[in-house]
Amino acid sequence: MEHLKVNNKISAELIYRSTDTLIILGILLLASLHSSTYNIQGYLIIGLAASLLFGLIGRFTDIYTSWSGRPFFRDEVIRLIVTWLVTFLFLIFIIFVVKTSEDYSRFVLISWLFVTPVLLISSRYALRILQASLKRIGLNNHSIAIAGITKQGLHFAEMIESQPHSGFQIAGFYHLEDDGSELELPRHYARLGDANAMKEAARTGEWDQIYLAPSSEQSLLSKRLINELADTITPIRLIPDDFTNTLLHSRYMEIAETPILRIYDAPLSAQRAFVKRLEDLFLGMLILLLVSPLMLGIALAIKLSSRGPILFKQSRHGLRGETFQVLKFRTMTVCENGKHIKQATRNDCRITRVGAFLRKTSLDELPQFFNVLQGHMSIVGPRPHAVAHNEEYRQLIPGYMRRHLMKPGITGWAQVNGWRGETDTLFKMEKRVELDMEYIRSWSLTLDLRIIFVTAFKTLHDKNAY
């Protein structure tokens with residue numbers, strides 16, 4: 001089989017970083033031409049400083065790895081804007097500290113502030129379109145074959161097809177063993193042969209890359225294949241099954257000169273937990289101070305519009321399964337807290353008129369900042385479910401209770417990714433748990449700030465809130 005092979009070793013990250021530098025520096029220098037006091041040296045210095053700082057901050061806000069491997073998402077645009085705002089504000093602070101603000105035109109700096117993020121986003125989008133176009137004409141292609149018709153192999157192929165800018169082209173699948181452990185191959189994928197055909201293709205370099213996707217039942221075969229493929233000229237990569245994936249996310253430690261894998265363990269070290277607690281205390285007190293007049297108004301509206309308490313308390317599981325009383329503004333005519341709790345549904349007759357507005361805007365969650373200050377909750381973390389729901393889902397979803405290795409949060413990674421609201425199907429709860437575990441494994445202060453920022457913009461138009 002003949003196919004076009006093009007060496008595109010230049011990484012997408014390098015392209016994006018170079019483009020960002022040209023935009024940040026170019027916009028400032030162009031805007032400075034309209035300044036009555038043209039200070040080319042000064043503008044050049046802060047432009048270069050901004051480019052360097054933007055790249056450094058971008059490492060923490062994940063603006064390069066995400067753009068290079070995923071579709072064009074709104075939260076990525078927000079991360080880009082946040083990175084630019086932090087860069088700009090830091091530079092302005094430095095300019096004032098060193099008392100050189102009179103050397104720079106306010107018109108130039110304001111123009112730079114607003115035009116730069118627009119062009120940064122536009123350039124990213126244009127590069128995505130260009131990459132996809134190059135792939136269609138064969139100039140951005142890596143032909144890859146997948147060995148193993150399994151759940152993880154098919155999922156990988158679907159994700160590759162959903163990202164035309166990635167430069168990968170699925171040539172087809174090899175089946176490994178006729179032992180019943182593999183799935184049926186969808187018709188639009190080519191069947192390339194068996195394991196022997198795959199080994200021959202690896203030796204001749206027929207494909208740019210070969211991905212092994214064995215099932216957990218094929219572990220012995222995997223070991224044999226990896227050994228047999230050691231002398232081939234084709235890059236061989238492994239797509240882990242669920243068990244291997246669990247081990248990959250484990251951390252290594254040593255006790256009594258014995259290597260130990262921490263498979264299910266506290267995700268935060270003492271130092272990281274301390275940082276997260278400081279974040280909760282500082283932001284929690286700041287937010288409560290800002291929204292206290294609003295909370296007083298909400299309390300008055302609830303009291304005047306319906307009978308019942310202002311606050312609703314319900315038992316939830318917190319860190320390591322500890323039970324605590326979560327606080328919310330009452331939005332219903334009932335206050336259920338027993339063994340059987342019915343989730344709120346769309347157009348639920350139990351929801352009051354004021355309650356409907358509070359739930360839609362998530363203002364009913366504001367009292368939970370008191371839970372944060374008490375130490376039962378965090379601002380960001382897996383959302384706490386009612387105890388009754390925990391007892392139900394821990395029987396249905398493997399690893400469900402591992403969500404409680406971290407304090408529950410007012411908002412979370414699952415919520416900003418669209419998995420908020422009623423979990424009327426098991427699939428919805430599984431996706432929520434999957435994203436919760438992804439957050440726990442990937443926690444960072446930057447990720448928390450990003451989630452808080454996205455939540456603030458997303459709350460008012462969340463279609464899943466009712």
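The values are calculated or read from the model by the stated rules, or taken from the named source; none is laboratory data. As the structure is a prediction and not an experimental result, all values here were calculated from the model. Note: ideal-geometry Cβ built from the backbone for every residue, glycine included; neighbour counts use all protein chains shown. The area values use the complete protein model at the heavy-atom level, side chains included, leaving out ligands, DNA and RNA. Shrake-Rupley method; radii C 1.70, N 1.55, O 1.52, S 1.80 Å.
Here are some notes:
- Checking the stretch 310-320 against the condition returns a match, with at least one residue being free of Cβ contacts under 8 Å to residues at least 40 places away in the same chain, outside any strand (DSSP E or B) and open to solvent by 20 Å² or more (accessible area, probe 1.4 Å).
- Residue match in the stretch 168-189 (condition: in a strand (DSSP E or B), at pLDDT below 90 and of a type in the set (F, W, Y)): yes
- Of the residues making up the stretch 396-413, those that are modelled with pLDDT of 85 or more, out of contact with any Pro (no Cβ under 8 Å at 6 or more places or on another chain) and part of a loop (DSSP other than H, G, I, E, B) are L396, I397, K407.
- I255 of a type in the set (A, V, I, L, M, F, W, C) and in contact (Cβ under 8 Å) with a residue 24 or more places away in the chain: no
The rows are residues; the columns are (1) in a strand (DSSP E or B); (2) surrounded by fewer than 20 Cβ atoms within 10 Å (Cβ to Cβ).
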position	(1), (2)
F369	no, no
I379	yes, no
A388	no, yes
E392	no, yes
K428	no, yes
E438	no, yes
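- As for the stretch 119-134, it holds at least one residue that is of a type in the set (A, V, I, L, M), under 15 Å from A31 (Cα atoms) and either at pLDDT 85 or above or assigned to a helix (DSSP H, G or I) (or both).
- Only one of the listed residues (D62, D20, D75) is open to solvent by less than 90 Å² (accessible area, probe 1.4 Å), modelled with pLDDT of 90 or more and under 30 Å from F168 (Cα atoms). That residue is D20.
- Pair list, Cβ under 6 Å, 6 or more apart: the stretch 198-219 residue closer than 26 Å to D242 by Cβ, other residue among the acidic types (D, E) and in a loop (DSSP other than H, G, I, E, B): S216/D241
- Hits in the stretch 92-120 (condition: open to solvent by less than 80 Å² (accessible area, probe 1.4 Å), more than 20 Å from L33 (Cβ to Cβ) and under 31 Å from the mean Cα position of the chain (by Cα)): I92, P117, L120
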